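Trainee: The following block contains the structure, expressed as structure tokens.
The values are calculated or read from the model by the stated rules, or taken from the named source; none is laboratory data. In this text, all values refer to a predicted model and were calculated from it rather than measured experimentally. Here the Cβ is made from the backbone with ideal geometry for all residues, glycine too, and neighbour counts use every protein chain on show. Just the protein is used for accessible areas: all its heavy atoms, side chains included, with ligands, DNA and RNA removed. Shrake-Rupley method; radii C 1.70, N 1.55, O 1.52, S 1.80 Å.
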Amino acid sequence: LLGVWSRGKMHPPTLCALLARNIVVDVVVDILSQEAMSDRLCIASNGTVKDELSAEDMLSCCLVQCGMGCNGGFPTGAWRFFKMHGLTTESKYPYVFPPCEHHINKTHYKPCGPSQPTPKCVRASEKKPRYHGKSVYSVSPAKIQAEIMTNGPVEAAFTVYQDFLAYQSGVYRHVSGPELGGHAIKIMGYRIPSPTLHLTDALA
């Protein structure tokens, strides 16, 4: 399972909250790794733990194990950090950046602008409760559906190009523009019978 973070803040309802409202989810969304961790924690606890894990704890305190803070990171490192160090809750250590718009053709928020320095870790904010992952592992594409049904959302990564900034809906396919780099997503579900996973972009 993979996970990274993003400069923009995004707080859509977690999968557990959606399930509690009987909302069917069959989309793939860009999201912070802590969102997938929060969902899996809720599912593993049979809905008894609904705390949202702290993205700021991951961003500011994981350091070199996770990568380069606001400038990107190593997906597997984020999940290892969750297992070994654990994460506190969003209410105890809230995300410091306001929502901002990554995409060139969206107007939900103000443009993000240049990358900001990674905030320093505030150890005093890393309060209990702290939650830990039990294990860190990868699954093959053929086993993603079973993993989602059994344990909840998974993280994946793929290469994006300049035309991704204008992406609206449906299946993203590269048509034009240079490579921009790696991009992490949370896979919440899948659509049958199409063998292609559909992405619904929700970058903040």
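Trainee: For residue 184, indicate whether it is surrounded by 16 or more Cβ atoms within 10 Å (Cβ to Cβ), outside any loop (DSSP other than H, G, I, E, B) and touching a helix residue (DSSP H, G or I) at 6+ places or on another chain (Cβ under 7 Å). Steps first, answer last, please.
Mentor: Numbers: surrounded by 16 or more Cβ atoms within 10 Å (Cβ to Cβ): yes; outside any loop (DSSP other than H, G, I, E, B): yes; touching a helix residue (DSSP H, G or I) at 6+ places or on another chain (Cβ under 7 Å): yes.
Judged against the criteria, residue 184 is a match.
Trainee: Ok, one more. Which residues, counting only those in region 153-179, are part of a helix (DSSP H, G or I) and over 23 Å from residue 74 (Cβ atoms)?
Mentor: If the condition is that a residue be part of a helix (DSSP H, G or I) and over 23 Å from residue 74 (Cβ atoms), then 162, 163, 165, 166 are the ones that fit.
Trainee: Hey, among 40, 80, 123, which residue is under 17 Å from residue 185 (Cα atoms) and among the basic types (Lys, Arg)?
Mentor: Working: 80 fails: under 17 Å from residue 185 (Cα atoms); 123 fails: under 17 Å from residue 185 (Cα atoms).
Answer to the selection: 40.
Trainee: For region 7-28, indicate whether the set of residues that are part of a loop (DSSP other than H, G, I, E, B), open to solvent by 50 Å² or more (accessible area, probe 1.4 Å) and modelled with pLDDT of 90 or more is non-empty.
Mentor: No, the conditions are met nowhere in region 7-28.
Trainee: When residues of region 109-158 are filtered for being basic (Lys, Arg) and touching a residue at least 40 places away in the same chain (Cβ under 8 Å), how many remain?
Mentor: Going through region 109-158, the residues basic (Lys, Arg) turn out to be 110, 120, 123, 127-128, 130, 134, 143.
Filter once more, so that each one left must be touching a residue at least 40 places away in the same chain (Cβ under 8 Å): 120, 123, 128, 130, 134.
Result for region 109-158: 5.
Trainee: Filter the helices (runs of 4 or more DSSP H) completely within region 50-152 down to those with at least 1 residues that are surrounded by fewer than 15 Cβ atoms within 10 Å (Cβ to Cβ) and modelled with pLDDT of 90 or more. Spell out how you get there, then give the answer.
Mentor: Numbers: elements: 55-61, 75-84, 144-151.
Per the criteria, 75-84, 144-151.
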